[in-house]
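Here the structure is laid out as structure tokens; the discussion comes afterwards.
Laboratory data are not the source of any read-out in this text; all were calculated from the coordinates shown. Nothing here was measured: the structure is a model prediction, and the numbers come from that model. We place every Cβ from the backbone using ideal geometry, glycine too, and count neighbours over all the protein chains shown.
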Amino acid sequence: MSEVTDLIPHRPPFLFVDRIVSEGEGGLIAERTWRADEDFYRGHYPNAPITPGVLLCESVFQTGALFMARQAQRAGAKPREGVPLLTKISDVRFRNPVFPGDTVQIEVKETEAKAGFVMMDGNIKKTDGTRVLNVSFVVAWKTPEAK
């Protein structure tokens, strides 16, 4: 897990990536096992737990942040300050549900980078190849302004 927490600021209980599986210049693949003891399953839905779509999307966005952090490392940049900020979400398609105990692979690919914004496409598949979701999104890494 430290390979993940060393790169992005997310922490349990709001960390939805377990490990990096592989990476390349244009993208990254991560993995997550959705555990039955996670608190959100108590309310979504009692006696018929299903992983909330918004958390599935968040796992993709966190994988995008991991990709951006690894890109910066490869470029020889010092560790990033600030946080990854989601600036746009589009074309989300939910295809199949994810249940407690399912392990998924989360893939992101950069489609364009411009003026500090990174456009990406992401998808999730179960380990048996079943498609779960697709989403396009944009992330900027920013240092929040002090108040």
Under 16 Å between C-alpha atoms is the cut-off here; go through the chain and count lysine pairs that meet it, provided they're at least eight residues apart or on different chains.
6
Between GLU145 and ALA48, what is the FRET efficiency for a Förster distance of 41 Å, r being their Cβ-Cβ separation, to the nearest 0.05?
0.40
Running a GNM on the chain with Cα contacts under 10 Å, which residue among PRO12, PRO97, PRO84 ends up with the highest mean-square fluctuation?
PRO12
For VAL83, the residues 5 or more places away or on another chain with a placed amide H closer than 5 Å to its own amide H are LYS142, THR143
Show me, for region 82-97, the HN-Hα J-couplings you get by feeding each phi into the Karplus relation (A = 6.51, B = -1.76, C = 1.60, θ = phi - 60°), rounded to Hz, glycine and proline as x.
x, 9, x, 10, 6, 10, 7, 10, 8, 6, 7, 10, 8, 10, 8, x
Of all GluC sites (Glu not before Pro) in region 56-139, the ones in DSSP coil with at most 15 other Cβ atoms within 10 Å are GLU81
Around ALA30 (Cβ within 11 Å, Cβ-to-Cβ, excluding ALA30; K/R +1, D/E -1) the net charge comes to -2
